[in-house]
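Q: Sending over a structure as structure tokens; questions will come in a sec.
The values are calculated or read from the model by the stated rules, or taken from the named source; none is laboratory data. In this text the structure is predicted, and so the values were computed from the model without any measurement. As a convention, Cβ positions derive from the backbone with ideal geometry for all residues, glycine included, and neighbour counts pool all protein chains shown.
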Amino acid sequence: MKRIIFENALLPSGWAKNVCLELDDAGEILKVTPDYDGAKVDDSEKMSGYALPAMNNVHSHAFQRAMAGLAEYSTSASDSFWTWRDIMYRFAGKISAVDLEAIASQLYLEMLKAGYASVAEFHYLHHDQGRNDTMSHSIMAAADKTRIGLCHLPVLYMASGFGGAPLNARQQRFGHSLDDYQALLEKLSSSISHNSNQHLGMAFHSLRAVPEYALKECLNNNPVSGPVHIHISEQIQEVNDCVSWSGKRPVEWLYDRADVNERWCLIHATHLNDDEINMIARSGAVAGLCPTTEANLGDGLFPLKNYLDQGGDIAIGSDSHISVSVIEELRLLEYGQRLESRQRNIAVSDDEIHTGSNLYNLTLRGGAKASGFNNGMIDVGKRA
């Protein structure tokens, strides 16, 4: 057992002084004692300052940390997400398993220092040295070395566009057949089950990359009971292409065909209409927002106020890692809304009128839900 005494800590009841936490060897909080008199206790670790519950980073492409800044020059008069993607594809093609472990290890240390307790790794950089699990093991090893909590999300990536268009040459490394993907989940499920700080979920890259039959088969028959993540409605072109292909918008199409519930995290969900906002909020799914990356790529702004007014859950991720900062993600999330509405203090409620406190608490709750970790508050039974 470990005992830590914090000068100040944010508990569910509010700020408290001289808070003693007793933790087991796995990091679970066994006891919380405010106003603790530790004068006679010699083995306690004493921490000055202020302790907050740590955040979960719900969306990461670890390898992209090493290309931060490499796309900050003009390649076209109409630079966009799609021109950035071409640069990313070229970069991804050069990354080996050894490279990935080194990049992820440094990134995960940065995350811990920035206040993230865990990361949901949206992992589509598969296939190295002829094996489809080598790169996943690099991610798992990096998380193990740094001791960050890991929700590993191997990504199913089968097509280059709506309707099952074949993968192009640069996407081949990301691809799996449905059988190979299911086999990968089986192998990783066995490997990760022995690590109490890691667990397995699954991810669909996007509706344009996963045919309907594969989506349904994975949801109905797989060994994974953890979170389910998907990129959706990040780009207006994606929404328009989905409507042209199916007659429906992406979120509408997904909800018609899958039981989207509290296991799900919809990454970005930037371009929604009112019906889609209501669908997500009512289902209990989490909107995984990545404000610094979305701003960097020129994606657009999530309809935050309308979504929160419907009771929707949100979480944050650093995605392409052009910034690794909880504070910067939350600040940009709020400030983007202010710029669009030309008003101030958007992300508030009747119960919490302080913007920072409200956003932090909302993303703590949503982040724990989306990443599958029992944390998000300093309380008995929670992960420290």
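Q: Can we say ILE29 is outside the structural domain of THR363 (by TED's automatic domain parsing), out of contact with any Cys (no Cβ under 8 Å at 6 or more places or on another chain) and either touching a residue at least 40 places away in the same chain (Cβ under 8 Å) or not in a loop (DSSP other than H, G, I, E, B) (or both)?
A: yes
Q: Given (1) loosely packed, with under 15 Cβ neighbours inside 10 Å; (2) outside any strand (DSSP E or B), identify the lone condition not met by TRP84.
A: (1)
Q: Another question, then. Quick check: is even one residue across region 191-203 in contact with a strand residue (DSSP E or B) (Cβ under 7 Å, 6 or more places away or on another chain), in the same structural domain as GLN171 (by TED's automatic domain parsing) and part of a helix (DSSP H, G or I)?
A: For region 191-203, residues in contact with a strand residue (DSSP E or B) (Cβ under 7 Å, 6 or more places away or on another chain), in the same structural domain as GLN171 (by TED's automatic domain parsing) and part of a helix (DSSP H, G or I): present.
Q: OK, next. Of all residues in region 10-64 being farther than 30 Å from PHE204 by Cβ and among the β-branched types (Val, Ile, Thr), which is surrounded by the fewest Cβ atoms within 10 Å (Cβ to Cβ)?
A: The selected residue is VAL41.
Q: Let me ask something else about it. Looking at PRO211, PRO154 in this structure, which one is buried (at least 23 other Cβ atoms within 10 Å of the Cβ) and at pLDDT 95 or above?
A: PRO154
Q: Restricting region 65-75 to residues that are hydrophobic (A, V, I, L, M, F, W, C) and assigned to a loop (DSSP other than H, G, I, E, B), which is surrounded by the most Cβ atoms within 10 Å (Cβ to Cβ)?
A: ALA71
Q: Being surrounded by 21 or more Cβ atoms within 10 Å (Cβ to Cβ), assigned by TED's automatic domain parsing to the domain that holds HIS231, at pLDDT 95 or above and of a type in the set (D, E, K, R) narrows it down to one residue among GLU340, GLU329; which is it?
A: GLU329
Q: Right, another one. For region 210-227, name all the residues that are among the hydroxyl-bearing types (Ser, Thr, Tyr) and either outside the structural domain of GLU238 (by TED's automatic domain parsing) or more than 19 Å from PRO166 (Cβ to Cβ) (or both).
A: Correct list: SER225 only.
Q: For the structure I just gave you, tell me whether SER118 is among the polar types (S, T, N, Q), in contact with a strand residue (DSSP E or B) (Cβ under 8 Å, 6 or more places away or on another chain) and within 17 Å of SER318 (Cβ to Cβ).
A: Yes; evaluated as a whole, the condition is true for this residue.
Q: From the list ALA71, ALA51, exactly one residue is in contact with a helix residue (DSSP H, G or I) (Cβ under 6 Å, 6 or more places away or on another chain), of a type in the set (Gly, Ala, Ser) and either in contact (Cβ under 8 Å) with a residue 12 or more places away in the chain or outside the structural domain of GLN237 (by TED's automatic domain parsing) (or both). Which is it?
A: ALA71
Q: Tell me which residues, restricted to region 174-190, are polar (S, T, N, Q), part of a helix (DSSP H, G or I) and under 27 Å from ALA269 (Cα atoms).
A: Within region 174-190, GLN182 is the sole residue that qualifies.
Q: Turning to a different aspect of this structure: Looking at region 354-374, is at least one residue charged (D, E, K, R), over 15 Å from the mean Cα position of the chain (by Cα) and part of a helix (DSSP H, G or I)?
A: no
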